[in-house]
Amino acid sequence: MNIVVCVKRVPDTETKIKIGGDGKDIDPAGVEYVINPFDEFAVEEAIQIKEKSGEGEISILSLGTTDAQVIMRKAYAMGAEKGTHLSDDSANPDNLAVAKSLAAQLKEMSFDMVLFGKQAVDDDSAAVAVQVAKLLDIPIVTRIIKLDISDGKATVERESDAGKEILEVALPAAFAAEKGLNEPRYPKLMDIMKAKKKPLDQKEAQMDAAKMEILKMEYPPERPPGKIVGEGAEAVPELVNLLKNEAKMI
Amino acid sequence: MLPIAGKIFLLVLIAVTVYFFVQRAKYLIDLLKLGTPEDRSDNPQERWKFVLGQVLPQRCATKNVTKKDLAGVGHLLLFYGFSVYVISYGFHIFEAFYDKLSPALFGSGFNNLFFFVLDTAGLVVIASIIWAVIRRYIVRPDRLEASMDAGVILVVVFCLMIMSFSVEGFRLLAEETPFADWAYMGNAFSQFFANMGLQERSHTLFYVLWYLHMIVVFGFGIYILYSKHLHVLAAHPNLYFHSTKPKGSLAPIENMEEAERFGASDITHYSWKHLLDLYACTECGWCSENCPANISGKALKPKDVIHNMKEHLLATGTDLLAKKAEETQADEEEPSLVRAVVTEDEIWDCTNCMACMEVCPVAIEHVNKIDEMRRYLVLMESNFPQEVQVVFKGMETNSNPWGIGMSTRADWAKDLGVKTLAEDSDVDVLLYVGCSGAFDDRYKKVSVAMVKILQAAGVKFGILGTEEGCCGDSARRIGNEYLYWMMAQQNIEVFNGYNVKKILVTCPHGYNTLKNDYPQFGGEYEVIHHTEFILDLIKNGRLKLKGDLAKTITYHDSCFLGRYNTIYEQPREILGAISTTNLVEMERNRRFGFCCGAGGGRMWMEEDRGEKINEIRTEEALSTNPDMIATACPFCMTMFEDGLKAKNAEEKVKVSDIAELVADQLI
Amino acid sequence: MANNVLIYAEQMGGKFRPTAFEAVCQGKKIAQELGGEAIAVGIGSGIEDPASLGQYGADKVIVVDNEKLKDFTVDAYGKAFADVAGNNDPAVVLMSATYQGKDLGGYVSAALDAPIAADCTEWLVQDGKIQVKRPTYAGKAYVSIGFTGDVSVISIRPKVFALDEPDASKSANVENQDAAFSDSDFRSIVKEIIAKAGGKIDVSEADIIVSGGRGMKGPENFNILEEMAELLGAAVGASRTVVDEGWREHADQVGQTGKVVSPKLYIACGISGAIQHLAGMRTSKCIVAINKDPDAPIFNIADYGIVGDLFQVVPAMTAELKKVLGS
């Protein structure tokens, strides 16, 4: 069972977002970058599958600047053997162009499964996984919370508006991981050290021109600071009113 | 002087004893050599002073004497008494060959004095033995085991005294001896034997008992090497080789990039000094008696850890030596120490409070042993309490255990008129508030109080704000030395970048690690805890204080401030300066202080067995009927606030930090 | 010149969902600005009354009704939708950013060779081209996006755009289309759907959580929270002390060592806001705190707070909510 896991380097979710000088992207100064949390579930799942079956290879694929390699090494420390870094400094906002680039690389690799995280916590589009699957002409199920492999088929579980769905999928296939799929492991120090020596291929990403452009980036409208609505039960009507009409929560 | 046959017999006895003694001693020393190297050859002068200062006045035993437990006094008596006997054996053996010696060398007056002292010592020993037997077998305090080993020792020593008096008794009966009046016990025994009608055979019985006595002495000498009495020989070198590093200090891992192994999972992963610790253990049980984990019903009993490690070393010793000889590097799947001899529960139960090490008479380092096993579990197996993973992640990504966005680290200081070092690095002291001081709403108030105090005293200080990083203490104590190292490096780089010389820390954990651990990585600064600093300000008259605090206050000694850094009086003096009432002390205070339960990274772990340590300590505090509990540590404060809520006493009793109390008293 | 808007109208069990109406409504507005038609697409099995989409503004409805499409899979639905798109030359392809919409959006984007702007909260048409605004970084920043290709694929965030009243007089033309399916469109098969059990909602899945702390004083008092929760369709959470005391189960514990949650609305009753609890719910969109201690740290993080006795405030809230929600 050969598995490719696609990972993305993203800002940590606690980061305070500051819009940079050009007004179209965030200011990277002071930002801590991590492996996309959903991608971490995907990496962990791949490793667990390999540990269960005892054979196969796990490759990591990541598109981005050279900094992406730091993130790939974290996946290596968890147990992946090798990977390819598609080098691209353009920060192309066009998700399809990114998907095409990934798909082009994947076409040259042999795999039984491609795993993704359901969405990247910077862009939040949840598009690339499905785009790549379509480009590769393989089936995909997103937001899986359980994955079992047997007899060359995958059985997955996920939440939908109808309830809990169980699907059977023919391999090769793609899956996008949802929170709850597993608990990503904390790498052993030994493995962190070994990860530095595992093979990592760097190539230029084949990137199409963007068909979408960022016109500007702005902050959301100011949230009013928290307020004490009042004291005791008398304040309740005002609170409920605010929840309904101001916060639009109910 | 003995007849020829006797002398030959004695020589053979000596030779046989020496043979077995040396065999066993060699084996024990070979086992020590299985340990990793460690350099403890520094400061010989200080080391000699220490060991002599502990042993000669028996400080090792008496330091723990309390009204409830006078055993230390018993040991002092026993030690002096038996030491006299050991010296006397030397004389007796010599006399067996050259009985003309002693009067020739020292004059007849010597014999008088000699036997007077000897008999008195014998009485003292007998009295101590009887006292010891009563304690161990009738009173039965928890810390003492009614073991076979202890029983044998007590019985043998008692018999040696009786035999010695009997030998004297028969001798006095057999011949005219000039010192008879001085050897009063011998005299009494001789009277007794005379009454028993043994006058006739006193000569024979003298010799019989003499040889018997010697056999038992030599036998006992060998037995020492097979029992807990090994401490008699091992305690002295162990005290000599005590740690001269700051108390409770953990060693860094050298060369982490290339190391094949981290932490300890087998007994041979420890240094020879750690193994010597095992020999030196007297099994007094003081460590277990003072351990908060043990007291609260957890799995950890420090004495058992040491004892089990020792038994394991001795039991597997021959195998281990054989493996070493063959140079087999067997890659064992399962560790032979972790889980097999010391359970994971025991390893994680420890709060690193050092109560065990404080009371240990022979300078055993319990905490370091446990923390080495933690390093193995964390770094080699990635096997640690599940709730700790998010703490590691938080520290890695946002430099605080709660994982709160590090860009908000300076928010506590908004509108206080405080400058960061980035804005103005020309300061006399850096105020380092730590993660609790920056992110915990309750402890932010203490940071604010500290600022008020500094501003009132006109101190030129600054903060690092968002450039401040977690001190890393929790990571280190839980065993994640790699994470700790990264955080320490980061902080040191920032401190050095601003040419920081003096750091004022409001948290004992941050204080301890910045002061005592950072030098391991090239970070040398003058580090001061806020209680030390505030007391200095008060003594130098730089603070105008009302001094009218009229609450009944009990002060809780934080382990990392107290036992680790011997800061006991400064907070009390501060309270004295601002209060109109005297402090009420808890029974377990200062070096006997009972841990709040949060040290050793346990702040971040679930406590699901036994009683809650913080509730036990809160009970103790409440028993002093205070209005207020004063602390100097964010963890202790959290533990007490939780404890008071659990006891439904949070309305009656408040918890305050020393800094808050002083800030409130500013005029 | 392509100026039509193709709209995915999601259905469940044959009935169109409210988000479908939202999508059609917006799709029509966009089509009007582009000078084209609003074409709604229904895909499934046993779709009821497709013409009714006309009431929300659809000019035409294309229906792909096939027994094999009873359960949603992105491969099959995507193929059907992409085929329709291929035949109708849209300028804009629009869907609601639901679970299905997100999946479909990716598929269609790849099929039409056009990038997608997902989960949009605003749109405008400028120079005959659509521009959108969408949240990034979990809503900490919004980007405005323009398209330079021929087709713009967008999904809109549910419940953001107001729904116009349906015009009962309008009805759309319905066209049935067959999708040319092959076996390869069904490499994913839905084997089973386990409907949501009536009963406790898991805190980690809930949109709204009503949580109780020490201030609740005892397990028997949690019923007042459960009442409010039922009204709101919320889960009932608990602070760590409450779980330690055995008043509530560990599965309900919100906090650093319990569950870390991020619901739309978090109502904290009798919870002081110790840092370990905050770590578990800080990222909730809206936090309401009820506590009798005005200095409780939870008020520092709450958007709205009431200082008072929760035993009076909570029932009052339940009563008020009943009135407002008309339950």
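Laid out as a table, the results:
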{"read-out": "Leading residue by the ranking (surrounded by the fewest Cβ atoms within 10 Å (Cβ to Cβ)) among those in region A:121-143 that are in a loop (DSSP other than H, G, I, E, B) and within 7 Å of another protein chain (Cβ to nearest Cβ)", "value": "A:D124"}
{"read-out": "The listed residue being of a type in the set (D, E, K, R), under 20 Å from the mean Cα position of the chain (by Cα) and more than 18 Å from C:T73 (Cβ to Cβ), out of A:D112, A:D191, A:D151, A:D201", "value": "A:D112"}
{"read-out": "Among (1) without any contact (Cβ under 8 Å) to a residue 60 or more places away in the chain; (2) assigned to a strand (DSSP E or B), the one test that A:Q202 misses", "value": "(1)"}
{"read-out": "Wholly within region C:260-327, strands (runs of 3 or more DSSP E) carrying at least 2 residues that are free of Cβ contacts under 8 Å to residues at least 24 places away in the same chain", "value": "C:286-291, C:304-307"}
{"read-out": "Subset tally (residues that are over 15 Å from B:G81 (Cα atoms), in contact with a Leu (Cβ under 8 Å, 6 or more places away or on another chain) and among the small types (G, A, S)) for region B:141-169", "value": "2"}
{"read-out": "Residue that is nearest to A:G79 (Cα to Cα) [pool: residues in region B:394-404 that are in a helix (DSSP H, G or I) and more than 8 Å from every other protein chain (Cβ to nearest Cβ)]", "value": "B:E396"}
{"read-out": "Test: residue in region B:45-52 that is exposed (fewer than 14 other Cβ atoms within 10 Å of the Cβ), of a type in the set (D, E, K, R) and touching a residue at least 40 places away in the same chain (Cβ under 8 Å)", "value": "yes"}
{"read-out": "Criterion violated by B:W348 - all others in (1) more than 14 Å from chain A (Cβ to nearest Cβ); (2) more than 23 Å from the chain's Cα centre (by Cα); (3) among the aromatic types (F, W, Y) satisfied", "value": "(2)"}
{"read-out": "Unmet requirement for B:Q386, which otherwise passes all of (1) buried (at least 24 other Cβ atoms within 10 Å of the Cβ); (2) closer than 30 Å to A:A77 by Cα; (3) out of contact with any strand residue (DSSP E or B) (no Cβ under 6 Å at 6 or more places or on another chain)", "value": "(1)"}
{"read-out": "Any hit, region A:173-191, residues being facing chain C (nearest Cβ under 8 Å) and either surrounded by 18 or more Cβ atoms within 10 Å (Cβ to Cβ) or touching a Cys at 6+ places or on another chain (Cβ under 9 Å) (or both)", "value": "yes"}
{"read-out": "Residues that are exposed (fewer than 11 other Cβ atoms within 10 Å of the Cβ) and over 18 Å from the mean Cα position of the chain (by Cα), drawn from region B:57-93", "value": "B:K67, B:K68, B:G90"}
{"read-out": "Any hit, region A:217-233, residues being buried (at least 18 other Cβ atoms within 10 Å of the Cβ), within 14 Å of chain C (Cβ to nearest Cβ), part of a helix (DSSP H, G or I) and modelled with pLDDT of 90 or more", "value": "yes"}
{"read-out": "Residues satisfying the stated conditions in region B:620-648, i.e. within 14 Å of chain C (Cβ to nearest Cβ) and touching a Ser or Thr at 6+ places or on another chain (Cβ under 9 Å)", "value": "B:P634, B:F635, B:M637, B:T638, B:M639, B:F640, B:D642, B:G643, B:L644, B:K645, B:A646, B:K647"}
{"read-out": "Residue selected from region B:162-171 under the condition buried (at least 23 other Cβ atoms within 10 Å of the Cβ) and not polar (S, T, N, Q), by the criterion nearest to B:G109 (Cα to Cα)", "value": "B:E168"}
{"read-out": "1 or more residues within 28 Å of the chain's Cα centre (by Cα) and either more than 24 Å from B:K445 (Cβ to Cβ) or hydroxyl-bearing (S, T, Y) (or both): qualifying strands (runs of 3 or more DSSP E) within region B:500-594", "value": "B:526-529, B:553-555"}
{"read-out": "Filter pass, C:V160 being surrounded by 14 or more Cβ atoms within 10 Å (Cβ to Cβ) and either in contact with a Cys (Cβ under 8 Å, 6 or more places away or on another chain) or over 24 Å from A:N95 (Cα atoms) (or both)", "value": "no"}
{"read-out": "Helices (runs of 4 or more DSSP H) wholly inside region B:172-269 containing at least 2 residues that are touching a residue at least 60 places away in the same chain (Cβ under 8 Å), surrounded by fewer than 14 Cβ atoms within 10 Å (Cβ to Cβ) and among the β-branched types (V, I, T)", "value": "none"}
{"read-out": "Qualifying residue in region B:365-380 (condition: within 14 Å of chain A (Cβ to nearest Cβ), buried (at least 23 other Cβ atoms within 10 Å of the Cβ) and among the β-branched types (V, I, T))", "value": "yes"}
{"read-out": "Residue satisfying all of: in region C:132-155; more than 7 Å from chain A (Cβ to nearest Cβ) and closer than 21 Å to A:G23 by Cβ; surrounded by the fewest Cβ atoms within 10 Å (Cβ to Cβ) among these", "value": "C:K133"}
{"read-out": "Some residue of region C:74-87 being outside any helix (DSSP H, G or I), touching a residue at least 24 places away in the same chain (Cβ under 8 Å) and away from every other protein chain (no Cβ under 11 Å)", "value": "no"}
{"read-out": "Counted residues, region A:45-61 - those being under 23 Å from the mean Cα position of the chain (by Cα) and under 26 Å from A:K107 (Cβ atoms)", "value": "11"}
{"read-out": "The listed residue being among the polar types (S, T, N, Q) and modelled with pLDDT of 95 or more, out of B:N255, B:N238", "value": "B:N238"}
{"read-out": "Residue within region B:12-21 that is aromatic (F, W, Y), in a helix (DSSP H, G or I), loosely packed, with under 13 Cβ neighbours inside 10 Å and without any contact (Cβ under 8 Å) to a residue 12 or more places away in the chain present", "value": "yes"}
{"read-out": "Among (1) within 10 Å of chain B (Cβ to nearest Cβ); (2) crowded, with 21+ Cβ neighbours inside 10 Å; (3) touching a helix residue (DSSP H, G or I) at 6+ places or on another chain (Cβ under 8 Å), the one test that C:G270 misses", "value": "(1)"}
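The values are calculated or read from the model by the stated rules, or taken from the named source; none is laboratory data. Since this is a predicted model, take the numbers as computed values, not measurements. Cβ atoms come from the backbone with ideal geometry, glycine included; neighbour counts cover every protein chain shown.
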